[in-house]
1. What is the gain in length, in nm to one decimal, between ALA246 and ASP99 on full extension, counting 0.36 nm per residue of separation less the C-alpha to C-alpha distance?
2. Between VAL75 and residues 5 or more places away or on another chain, which pairs have amide H atoms under 5 Å apart, with H built 1.01 Å from N, and which residues are they?
3. Only Lys, Arg, Asp and Glu count, each charged at its Cβ (+1, +1, -1, -1), so figure out the dipole size of region 182-247 about its Cα centre, rounded to 20 debye.
4. How much FRET efficiency would the formula 1/(1 + (r/R0)^6) give for ALA57 and LYS238, where r is the Cβ-Cβ distance and R0 is 30 Å, rounded to 0.05?
5. Which of LEU195, LEU92, LEU23 moves most in a GNM of the chain, Cα contacts under 10 Å?
6. Looking at the chain as a GNM with Cα springs under 10 Å, which of ALA44, ALA105, ALA123 has the largest mean-square fluctuation?
7. Enumerate the calculated ³J(HN,Hα) couplings along region 102-115 in order (Karplus 6.51 cos²θ - 1.76 cosθ + 1.60, θ = phi - 60°), each rounded to whole Hz, writing x wherever the residue is Gly or Pro.
8. Work out the FRET efficiency for ARG137 and LYS27 from their Cβ-Cβ distance, taking R0 = 25 Å, and round it to the nearest 0.05.
Amino acid sequence: MSIKSAAELAGMRAAGLVVRRTLDAMKRAVQAGITTAEVDEAGAQVIRANGAQAAPAMIYKFPGVNLISVNNEVVHGIPGSRILAEGDLVKLDVTVEKDGFIADAAETVAVGKVSGEKRRLMACAERAFTKAMLVARAGTPVNEIGRVIESEVRGSGFFVIRELGGHGIGRTIHEQPSVPNYADPAARQILTEGLVITVEPIIAARSGKVFLGADGWTVLTKDRGNSAHYEHTIVITKGGPILLTAA
């Protein structure tokens, strides 16, 4: 969507705030010995308490509230009986609908002490996002965001997963434009004032090749390498972007 009024901006801010609160509750819940279903429920309680609903279940019939992916699971993991262990890398992806507005964010969380590679991977995803914010402004081509992200990721020795990326958002989960994490020559749309998008580096430690798991939802790395994901919903302006889901 493209925000045209103060009321629309307020609606998106409200949805973004619920996402933030939900992510924070889930991050607090992550620890060795807890199941991903229990982490999901910690987030679900916040969503319900704030008068919102889980957008993936509402729109796509996702069989969970929040998306939780561990280690080589890249995105769209289904919460369940898996028990988190020391050293795991957990991707928490929250998308909520509140009063007709939808916002989305993801963060990667370490369970206790993790390997040096996992720490570097987490930091790289967040750093790539931060650098992309320097070019995410009105008048910039969409693919400049991807150029900045891939440059940072490749320079750090990691790989962008090209099949996955950001997107327009606001009234439903996936709107135009697509926001690739690489300099896709087809992504030439110019960012405009008020446009709402997600920017989300989704990266892998090894090849960046992925496949869809047997559950029909979870995307995994083909080489079983680790992955990381960092995302916020933002509003494009002539200056710096407005981050709707940041702390």
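The values are calculated or read from the model by the stated rules, or taken from the named source; none is laboratory data. Note that the structure is a prediction, hence the values are computed from the model and not measured. Here the Cβ is made from the backbone with ideal geometry for all residues, glycine too, and neighbour counts use every protein chain on show. These area figures cover heavy atoms from the full protein model, side chains too; ligands, DNA and RNA do not enter into them. Shrake-Rupley method; radii C 1.70, N 1.55, O 1.52, S 1.80 Å.
1. 50.9 nm
2. The answer is VAL219.
3. 220 debye
4. Using R0 = 30 Å, I get an efficiency of 0.25.
5. Comparing LEU195, LEU92, LEU23 in the GNM, the peak value goes to LEU195.
6. It is ALA123.
7. Computed from phi, the couplings for region 102-115 are 10, 9, 8, 7, 8, 9, 10, 10, 8, 9, x, 7, 10, 5 Hz.
8. Result of the calculation: an efficiency of 0.30.
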